[in-house]
Amino acid sequence: MKNSKWNLRRIWQDFYLVIIMIFLYAPIATMVVLSFNSSKSRTQWGGFTLRWYTEMFASRNIMDALQNTLLIAFLSALIAVIIGTAASIAINSMKPVPRTILMGITNIPMLNADIVTGISLMLAFIAFGISLGFQTVLIAHITFNIPYVILSVMPKLKQTSRFTYEAALDLGASPLRAFFKVVFPDILPGVLSGFLLAFTMSLDDFIITHFTRGAGINTLSTLIYSEVRRGIKPSMYALSTVIFATVLILLIISNFAPHKKAEQ
Amino acid sequence: MNKKLLSGPYILWMIGFTIIPLALIVFYGLTDKSGAFTLANVLSISTPEHIKALWLSLGLSFVSTIICLVLAYPLAMILRNRNVGSGSFIVFIFILPMWMNFLLRTLAWQTLLEKAGVINGILGMLHLPKQNLINTPGAIVLGMVYNFLPFMVLPIYNVLCKIDDNTINAARDLGANFFQTLLWVWFPLSVPGIISGITMVFVPALTTFVISNLLGGSKILLIGNVIEQEFTKGSNWNMGSGLSLVLMIFILISMALIAKYDKNGEGSGF
């Protein structure tokens with residue numbers, strides 16, 4: 001009697017999980033299916049085609065935007081990792097009061113609404129006399145990426161013992177050598193997940209890019225936005241599928257690779 | 001200690017690209033085009049079209065937040081109870097859409113909801129009348145719930161995972177039924193996650209202009225659309241900044257809520 005009641009509850013729970021999963025993935029699955037549909041209609045299956053993919057790869061606009069997106073994501077993640085890791089080491093060795101202040105500032109770009117961050121950066125770039133373009137998008141992305149790096153590196157840094165670092169110094173290693181030989185291997189997982197997090201965040205951003213990009217340059221997000229307002233072309237579905245697959249692979253790597261290592 | 005010098009680039013960067021930019025919004029918001037102090041930009045929120053956009057934004061984001069909470073809490077509870085052993089991949093599946101390109105997610109719903117879209121196509125095949133789905137407030141709420149649901153699931157799930165099974169079992173042993181346990185044990189212990197989730201959904205929903213633009217058409221203006229247009233089309237930066245200041249009041253309220261109820265950052269996603 002109790003067992004059947006428990007089973008019933010389990011069935012309801014599975015049912016609920018499936019419903020939410022359908023809600024989350026059905027729209028994405030629809031786009032993936034439509035990207036292979038040779039008919040331009042959204043309701044008729046005209047046969048399998050890769051035409052939209054070839055069209056997408058042949059499009060100068062899309063390829064330029066893709067290149068910008070990847071370049072900005074890579075550079076912003078890299079620079080954010082350097083600045084953020086250095087900052088984490090410094091913050092970790094600070095007294096409580098300055099540490100709290102700096103961590104508070106770190107939280108601003110994360111908690112602030114994207115539209116406000118975007119507008120404020122745009123106003124600043126114009127006030128500083130930096131013309132809007134690739135460089136301003138890059139600076140903006142570094143700005144919102146640094147906090148993610150700090151939040152990934154800080155927990156790892158707290159776990160490391162400061163004595164091993166000091167021991168290395170006592171044994172005659174230079175501070176830089178001691179850092180790279182002793183501290184860095186310990187915080188490397190945090191640095192890597194910070195990099196991937198920053199890379200994904202940059203890939204995903206639309207709103208802040210929208211305000212800081214100026215007229216000449218597009219990332220995939222801003223390109224999709226302007227294309228979609230003119231009417232959806234099937235090559236957009238092909239692009240969506242490619243982006244979805246990329247993000248999926250990146251996330252699987254970043255989520256499951258470090259865990260596996262830790263388990264071994 | 002020269003270690004502290006390492007924070008130099010970071011501090012300079014944050015001053016240059018976070019503090020000064022925010023100060024500029026305050027400056028633009030409180031001055032007119034000639035640079036003289038004025039409250040007119042901030043007070044322009046009370047003009048009929050702006051106040052209408054603000055109320056609509058508040059209303060739609062409130063409804064979306066409630067729906068997200070109602071959908072996410074049971075989901076987080078189920079996921080937490082399953083976590084023993086095989087769990088983490090299931091959890092990953094429900095968090096994954098959070099990292100998907102925001103525009104693509106909205107584009108997907110546009111495809112489904114359009115007049116010649118997938119849902120109307122299916123209705124047509126079943127010989128049912130076509131529905132006017134897109135360009136309605138309902139479509140915007142749907143877009144918000146879809147986009148921001150994982151932001152509600154993640155913090156609640158994180159907090160629920162920290163609840164000790166023994167606490168739940170103790171309540172049951174002492175004779176509490178399911179709803180009593182829910183009300184007196186689960187809810188109070190998950191307040192930090194709930195508050196965190198509410199702000200993580202409410203703030204982006206309140207300030208969005210993309211969802212309303214793609215799913216609401218040009219007729220439904222949210223406060224985000226008004227601000228975006230002041231900057232991209234109207235070029236009235238002072239007005240746009242003034243309205244942003246009004247928005248920042250709501251953001252500050254939610255930051256204060258988080259600081260009060262989630263002191264240890266338990267509910268944060270990272």
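Overall shape of the range A:111-167 was characterised from the C-alpha gyration tensor. The equivalent ellipsoid obtained from it has semi-axes of 35, 13, 8 Å, in decreasing order. Convex hull volume of the C-alpha atoms in the range B:121-270, normalised per residue: 168 Å³. In the frame of its principal axes, chain B has Cα extents of 75, 71, 34 Å, reported largest first. Per residue of peptide B:88-97, the mean number of Cβ atoms on other chains within 10 Å of the residue Cβ is 4. Evaluated over the range B:113-233, the count of Lys pairs having alpha-carbon atoms less than 22 Å apart is 4 (only pairs 8 or more residues apart or interchain).
With the cut-off at 1.5 for a/c, could you classify the range B:30-168 from its C-alpha gyration tensor as rounded, prolate or oblate? Because a/c hits 1.5 or more and a/b fails to exceed b/c, the range B:30-168 counts as oblate.
Rounded to the nearest 20 debye, the dipole size of the range B:116-247 about its Cα centre is 380 debye, using +1 on the Cβ of Lys and Arg and -1 on the Cβ of Asp and Glu.
I need the calculated FRET efficiency for the pair B:Ile249 and B:Lys130, taking r as the beta carbon distance and R₀ as 56 Å, to the nearest 0.05. With R0 = 56 Å, the Cβ-Cβ based efficiency is 0.85. Using the Cβ-Cβ distance between A:Arg60 and A:Leu188 with R0 = 35 Å, the FRET efficiency computed as 1/(1 + (r/R0)^6) comes to roughly 0.35. The simple Förster model, with R0 at 35 Å and r as the Cβ-Cβ distance, assigns A:Ile252 and B:Ser46 a FRET efficiency of 0.10. Sequentially through the range A:108-113, phi angles give Karplus couplings (6.51, -1.76, 1.60; θ = phi - 60°) of 4, x, 7, 8, 5, 6 Hz, Gly and Pro residues having no value and appearing as x.
Rounded to the nearest 10 degrees, the inclination of helix A:184-204 to the longest alpha-carbon principal axis of chain A is 30 degrees. The reciprocal of the average 1/r between distinct C-alpha atoms defines the Kirkwood hydrodynamic radius, which for the protein assembly as shown equals 25.0 Å.
Partner shielding of B:106-118 amounts to 5, given as the average count of beta-carbon atoms from other chains within 10 Å of each residue beta-carbon. Does anyone have the angle between helix A:220-229 and the longest principal axis of chain A? Alpha-carbon axes, 0 to 90°, nearest 10? So the helix axis and the longest Cα principal axis differ by about 30 degrees. What part of the accessible area of the protein assembly as shown, given as a whole %, is carbon or sulfur when the probe is 1.4 angstrom? The C+S portion of the solvent-accessible surface of the protein assembly as shown is 68 percent. These residues, B:Lys130, A:Lys233, go from largest to smallest accessible area, 1.4 Å probe, as B:Lys130, A:Lys233. Note on chain A: lysine pairs with Cα distance below 28 Å, sequence gap of 8 or more or different chains, count 12.
By how many degrees, 0 to 90 and rounded to 10, does the Cα axis of helix A:114-128 deviate from the longest principal axis of chain A? Long axis of A:114-128 versus the principal axis of chain A: about 70 degrees. In sequence order, the range B:125-135 has phi-based couplings of 5, 8, 6, 9, x, 5, 10, 8, 9, 7, 6 Hz under the Karplus curve 6.51 cos²θ - 1.76 cosθ + 1.60, θ = phi - 60°, and Gly or Pro positions carry x. Take each residue of peptide A:143-151, count the partner chain Cβ atoms within 10 Å of its Cβ, and average: the result is 3.
Eigen-decomposition of the gyration tensor built on the alpha-carbon atoms of the range B:21-65 gives equivalent ellipsoid semi-axes of 27, 14, 5 angstrom, largest listed first.
The Rg/Rh ratio for chain A is 1.07, where Rg is the radius of gyration of the alpha carbons and Rh is the Kirkwood radius.
The values are calculated or read from the model by the stated rules, or taken from the named source; none is laboratory data. Not measured: the values here are computed from a predicted model. Here the Cβ is made from the backbone with ideal geometry for all residues, glycine too, and neighbour counts use every protein chain on show. Heads up: the accessible areas ignore ligands, DNA and RNA and are worked out on the full protein's heavy atoms, side chains in. Shrake-Rupley method; radii C 1.70, N 1.55, O 1.52, S 1.80 Å.
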